[in-house]
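Peer 1: Sharing a structure with you now.
The values are calculated or read from the model by the stated rules, or taken from the named source; none is laboratory data. Here the structure is a predicted model, which means the values were calculated and not measured. Note that each Cβ is placed from the backbone with ideal geometry, even for glycine, and that neighbours are counted across all protein chains shown.
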Amino acid sequence: MLAKARVLRNEEIVPGCYYLQLEEWQIARGSLPGQFLHVRIVDNIAPFLRRPFSIAGAFPDSGRVDIIYRIVGKGTELLSRLGKGEYLDCLGPLGTPFSPARDIAVSVLLAGGVGIAPLLFLARILSGEGKKILVYYGASTSGELLPLKEFLPKKAEVFLATEDGSAGYRGLVTDLFESTLVAGTRRAEIFACGPKPMLKILAQKNRYWGYPMQLSLEERMACGIGACQGCAVKVRSEDDKTGYLRVCREGPVFDFQEVAW
């Protein structure tokens, strides 16, 4: 669906990272955790391509849709200048959402950086279903960690990791999670989003751990609807044959065994 969404809030929450609230009733009613919006930043040709942003929250009763983004280039820098009352041209919701199992009571949400965004949406939905939520969240340093208390359900348990040790566990968030397995993590399913190296490590280690695991891939996109093939990733089928699937269409959520790293 193509729509004009009104900006309700667009504020910096940590250095270089912004929290954007939009009002668009149809998108709010149709969005599911794991899906994304393809946003046209400005009405002229620079930047020409739309930008994909994970949906960090959707509230059908108020028509609100949340996005969390980090400034990484010209497009996101221009986006950060938008003020309350201005409008964004949005295409969405797009992509395949997460699909939690009904019979697993514990959900592990594992994220790096702004990869936490789609998992915030998922956490709210899972909390409403009465599931136990464990959030493992990592960044390079404490100044890059988002204020999760503002976004997560109160009952969610949060475990932090920073590479420089300035907050929580010193090291990678994947190592932090692995360290908890020694204590015997209960039957759970894992949902993860973040940098490719992090997801690759998780996918490789989970071949031994054996958890149900879904990964949300971050990828550059041109069209966002599967026509241009620009976001295709290599995948492996059950009979070990390789091929390609589009992150925007068949993803961004994949089973961890699908992606051929």
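Peer 1: Consider V72 carefully, then state whether it is among the aliphatic types (A, V, I, L, M), modelled with pLDDT under 95 and surrounded by 22 or more Cβ atoms within 10 Å (Cβ to Cβ).
Peer 2: Considered against the rule, which asks whether it is among the aliphatic types (A, V, I, L, M), modelled with pLDDT under 95 and surrounded by 22 or more Cβ atoms within 10 Å (Cβ to Cβ), V72 comes out as no.
Peer 1: Out of G115, G138, report the one residue that is touching a strand residue (DSSP E or B) at 6+ places or on another chain (Cβ under 6 Å), farther than 18 Å from L32 by Cβ and surrounded by 18 or more Cβ atoms within 10 Å (Cβ to Cβ).
Peer 2: G138
Peer 1: Of the residues E250, E219, E178, which is under 22 Å from P118 (Cβ atoms), at pLDDT 85 or above and surrounded by fewer than 19 Cβ atoms within 10 Å (Cβ to Cβ)?
Peer 2: Just one listed residue meets the conditions, E250.
Peer 1: Touching a residue at least 12 places away in the same chain (Cβ under 8 Å) and either closer than 18 Å to I55 by Cα or out of contact with any Asp or Glu (no Cβ under 6 Å at 6 or more places or on another chain) (or both): is that true of S179 in this structure?
Peer 2: Here the answer is no, as S179 does not meet what is asked.
Peer 1: Moving to a separate point now. List every residue pair whose Cβ atoms lie under 6 Å apart, where the two residues are 6 or more positions apart in sequence or sit on different chains, the first residue falls within the range 207-224 and is more than 29 Å from R50 (Cα to Cα), and the second residue, located anywhere, is buried (at least 16 other Cβ atoms within 10 Å of the Cβ).
Peer 2: Y211/I190; P212/E189; M213/I190; M213/N206; M213/F256
Peer 1: Which condition breaks for P47 when tested against (1) surrounded by 14 or more Cβ atoms within 10 Å (Cβ to Cβ); (2) modelled with pLDDT under 95; (3) within 18 Å of S127 (Cβ to Cβ); (4) not small (G, A, S)?
Peer 2: If we test P47 against (1) surrounded by 14 or more Cβ atoms within 10 Å (Cβ to Cβ); (2) modelled with pLDDT under 95; (3) within 18 Å of S127 (Cβ to Cβ); (4) not small (G, A, S), just (3) comes out false.
Peer 1: Residues that are among the aromatic types (F, W, Y) and within 21 Å of the chain's Cα centre (by Cα): which strands (runs of 3 or more DSSP E) entirely in the range 1-85 hold 1 or more of them?
Peer 2: 17-23, 36-40, 51-54, 57-59, 64-70
Peer 1: Within the range 110-124, does at least one residue satisfy the condition of being more than 19 Å from the chain's Cα centre (by Cα) and touching a residue at least 24 places away in the same chain (Cβ under 8 Å)?
Peer 2: no
Peer 1: Next question, about the same structure. The conditions are (1) under 17 Å from A111 (Cβ atoms); (2) at pLDDT 90 or above; (3) among the hydroxyl-bearing types (S, T, Y), and S166 fails exactly one of them. Which is it?
Peer 2: Failed condition: (1).
Peer 1: Moving on to the next point. I'd like to know if the range 180-196 contains one or more residues that are under 19 Å from the mean Cα position of the chain (by Cα), in the same structural domain as I125 (by TED's automatic domain parsing) and among the charged types (D, E, K, R).
Peer 2: Yes, the range 180-196 contains a residue that is under 19 Å from the mean Cα position of the chain (by Cα), in the same structural domain as I125 (by TED's automatic domain parsing) and among the charged types (D, E, K, R).
Peer 1: Turning to a different aspect of this structure: Among the residues of the range 224-250, how many are within 22 Å of the chain's Cα centre (by Cα), not basic (K, R) and not in a loop (DSSP other than H, G, I, E, B)?
Peer 2: Summing the residues that are within 22 Å of the chain's Cα centre (by Cα), not basic (K, R) and not in a loop (DSSP other than H, G, I, E, B) in the range 224-250 gives 5.
Peer 1: Moving on to the next point. Which is surrounded by 15 or more Cβ atoms within 10 Å (Cβ to Cβ) and not small (G, A, S), of D89, D103?
Peer 2: Every option except D89 fails the conditions.
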